[in-house]
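Single-structure report; data block below.
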Amino acid sequence: MALIVQKFGGTSVGTTERIEAVADKIAGFRDRGEDIVVVVSAMSGETNRLVALAQAINDNPPPREMDVLLSTGEQVTIALLCMALQKRGYPARSFTGSQVRILTDQAHTKARIREIDDARIRSELAAGRVVVVAGFQGVDDNGNITTLGRGGSDTTAVALAAALKAEECQIYTDVKGVYTTDPRVVKDASLLQTITFEEMLELASLGAKVLQIRSVEFAGKYRVPLRVLSSFEEGSGTLITMEEESDMEDPAITGIAFARDEAKITVSGVPDVPGVAYQVIGPVSDAGIEVDVIVQNVSADGTTDITFTVKRGDSRQTREILERVATEIGARKVSVDDKIAKVSIVGVGMRSHAGIASKMFKTLADENINIQVITTSEIKISIVIDEKYMELAVRALHAAFELGDPDYQPQGDADD
Ligand code: ADP
Ligand code: ASP
Ligand code: MG
């Protein structure tokens, strides 16, 4: 019998009615003879509500307790879904991460899965039950509850699919699949039938929250067939494919991602001597802060500026570290700009098409949008701009690269 892992996100289990609808869907697969392992998220809004409760008590809550708190959201959903399945006559059992034994490292709030013990799940399946597992959570070597970072239920699902060698991992969400960009920002975004694993990895890491980046990494590493599809509408969604070859037929650009959660840090008047980039970036990395786009200006008068981005939540700590460093190395000033956004165009077609960067820059120039920082890699170009132009930039680029769905029919929304 084929084994499928199905993950249902927050909106898909957002109310008891929706949980019942998910149970109906799973029942349909059981009737067709599939073995099903289900992973669910917390009901929509629940994880945010729990974060707010913690913040109300302590603006720097201890990570271990944060994980105990956040893991409760998914525990509610697994029980409710099993009740709905059993009511329909389908035997089902719920499991928390620690009951399955999803073993992680000890990095609370951003733990990584190390190992999954599949014995319990296999014996439940053999007994004819639907297995419902809480997403986003695991347990460390010492029995502490851990969580996998926001959006982590995707990773639970793909990791389970890898451990169980499932035929497919299906991520059910509130849109029909992976689009050329977030369909909430660009109404005529096109649904992609397939996307390469490499491109999906870039889009996820550059801000498209449709899949958590770790889940895409897992799918690549263990070659898990991964599909994103809608909980609410029929359709075959988007298949993430493992093909790495690109050819002239590929469109130049596959998709556009954006992120608003970064801050730009500039250290100016840095003496331009060997080792200075290390002196600036080193202490920031040593503090466990992830540094993204980095640029260093050409030196003018024996000094230079170093600019890079960090997650917005890390900007305060980064400033504190760099103010200390600036005094030590004799730099002039540290400035932090929180009001930035990163917009990236992604596509394997970039390898075989020339002129993509200049088209991107011209499109932004035509909209009068100033580019603050640029970085490129083989299949992506990212720019940092003023946050207030983010949506404008995304729409303009989507149109310029002709990514719109020709069959799109406006729904006549008031805000259209
Ligand atoms: P879930 O709760 O099911 O995990 P998420 O909110 O985490 O759902 O992810 C789905 C959302 O991702 C969509 O509602 C959409 O707004 C957003 N999104 C961003 N970029 C894309 C994209 N390229 N394609 C599809 N959805 C995208
Ligand atoms: N409930 C968690 C979150 O909101 C995990 C998930 O939904 O994937 O981030
Ligand atoms: Mg998600």
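Which residue, of Ile78, Ile36, is β-branched (Val, Ile, Thr), out of contact with any helix residue (DSSP H, G or I) (no Cβ under 7 Å at 6 or more places or on another chain) and more than 20 Å from Asp140 (Cα to Cα)?
The unique qualifying residue is Ile78.
Can you pull out every residue in region 1-42 that is within 10 Å of ligand 1 (Cβ to nearest atom) and not in a strand (DSSP E or B)?
Result: Gly9, Gly10, Thr11, Ser12, Val13, Gly14, Ser41, Ala42.
Taking region 172-188, which residues are closer than 25 Å to Asp292 by Cβ and more than 16 Å from ligand 3 (Cβ to nearest atom)? Spell out the reasoning first.
Let us first name the residues in region 172-188 that are closer than 25 Å to Asp292 by Cβ, namely 178-182, 184-186.
Hits for region 172-188 are Thr180, Thr181, Val185, Val186.
Within region 147-184, can you find the residues that are of a type in the set (Lys, Arg) and without any contact (Cβ under 8 Å) to a residue 60 or more places away in the chain? Even if it seems obvious, please write down each step before you answer.
Pass one, region 147-184, residues of a type in the set (Lys, Arg): 150, 165, 176, 184.
If the condition is that a residue be of a type in the set (Lys, Arg) and without any contact (Cβ under 8 Å) to a residue 60 or more places away in the chain, then Arg184 is the only one that fits.
Yes/no per residue for (1) within 11 Å of ligand 1 (Cβ to nearest atom); (2) outside any loop (DSSP other than H, G, I, E, B); (3) touching a Cys at 6+ places or on another chain (Cβ under 7 Å); (4) within 26 Å of Val131 (Cβ to Cβ):
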position	(1), (2), (3), (4)
Arg150	yes, no, no, yes
Ala166	no, no, no, yes
Glu199	yes, yes, no, no
Lys209	yes, no, no, no
Arg214	no, yes, no, yes
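Considering only region 262-274, state which residues are more than 10 Å from Thr309 (Cα to Cα) and either surrounded by 21 or more Cβ atoms within 10 Å (Cβ to Cβ) or touching a residue at least 24 places away in the same chain (Cβ under 8 Å) (or both).
Scanning region 262-274 gives Val267, Ser268, Gly269, Val270, Pro271, Asp272.
Kindly indicate whether any position in region 232-239 is in a helix (DSSP H, G or I) and either within 22 Å of Met43 (Cβ to Cβ) or within 13 Å of ligand 1 (Cβ to nearest atom) (or both).
Taking every residue of region 232-239 in turn, none turns out to be in a helix (DSSP H, G or I) and either within 22 Å of Met43 (Cβ to Cβ) or within 13 Å of ligand 1 (Cβ to nearest atom) (or both).
Specify the residue that is nearest to ligand 1 (Cβ to nearest atom); the eligible residues are those in region 112-140 that are more than 25 Å from Pro225 (Cβ to Cβ) and either surrounded by 24 or more Cβ atoms within 10 Å (Cβ to Cβ) or under 26 Å from the mean Cα position of the chain (by Cα) (or both).
Looking only at region 112-140, we keep the residues that are more than 25 Å from Pro225 (Cβ to Cβ), and these are 127, 139-140.
Applying the additional criterion that residues be either surrounded by 24 or more Cβ atoms within 10 Å (Cβ to Cβ) or under 26 Å from the mean Cα position of the chain (by Cα) (or both) yields 139-140.
Working: Val139: 22, Asp140: 24 Å.
Across region 112-140, the extreme among qualifying residues is Val139.
Determine if region 185-197 includes at least one residue that is more than 25 Å from Arg395 (Cβ to Cβ), touching a residue at least 40 places away in the same chain (Cβ under 8 Å) and surrounded by fewer than 22 Cβ atoms within 10 Å (Cβ to Cβ).
Yes, region 185-197 contains a residue that is more than 25 Å from Arg395 (Cβ to Cβ), touching a residue at least 40 places away in the same chain (Cβ under 8 Å) and surrounded by fewer than 22 Cβ atoms within 10 Å (Cβ to Cβ).
Yes/no matrix, rows are residues, columns are (1) free of Cβ contacts under 8 Å to residues at least 24 places away in the same chain; (2) crowded, with 18+ Cβ neighbours inside 10 Å; (3) under 19 Å from Ala157 (Cβ atoms):
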{"residue": "Leu53", "(1), (2), (3)": "yes, no, no"}
{"residue": "Asp59", "(1), (2), (3)": "yes, no, no"}
{"residue": "Val68", "(1), (2), (3)": "no, no, no"}
{"residue": "Tyr90", "(1), (2), (3)": "no, yes, no"}
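Go through region 345-375 residue by residue and tally those that are among the polar types (S, T, N, Q) and without any contact (Cβ under 8 Å) to a residue 60 or more places away in the chain.
Within region 345-375, residues that are among the polar types (S, T, N, Q) and without any contact (Cβ under 8 Å) to a residue 60 or more places away in the chain number 4.
One line per residue, one yes/no per condition, for (1) closer than 20 Å to Val131 by Cα; (2) at pLDDT 95 or above; (3) near ligand 1 (Cβ under 10 Å from one of its atoms):
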| position | (1), (2), (3) |
| --- | --- |
| Thr146 | no, yes, no |
| Thr155 | yes, yes, no |
| Ala161 | yes, yes, no |
| Val175 | no, yes, yes |
| Asp182 | no, yes, yes |
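On the given criteria, is Thr156 within 15 Å of ligand 3 (Cβ to nearest atom), β-branched (Val, Ile, Thr), outside any loop (DSSP other than H, G, I, E, B) and closer than 28 Å to Asp35 by Cβ?
Yes; evaluated as a whole, the condition is true for this residue.
Could you please give the count of residues in region 190-242 that are within 16 Å of ligand 3 (Cβ to nearest atom) and either of a type in the set (S, T, N, Q) or more than 20 Å from Leu403 (Cβ to Cβ) (or both)?
16
Using the structure shown, decide if Leu69 is within 16 Å of ligand 1 (Cβ to nearest atom), touching a helix residue (DSSP H, G or I) at 6+ places or on another chain (Cβ under 6 Å) and not acidic (Asp, Glu).
The answer is no for Leu69.
The values are calculated or read from the model by the stated rules, or taken from the named source; none is laboratory data. In this text, all values refer to a predicted model and were calculated from it rather than measured experimentally. Every residue, glycine among them, receives a Cβ derived from its backbone with ideal geometry; neighbour counts consider all protein chains shown.
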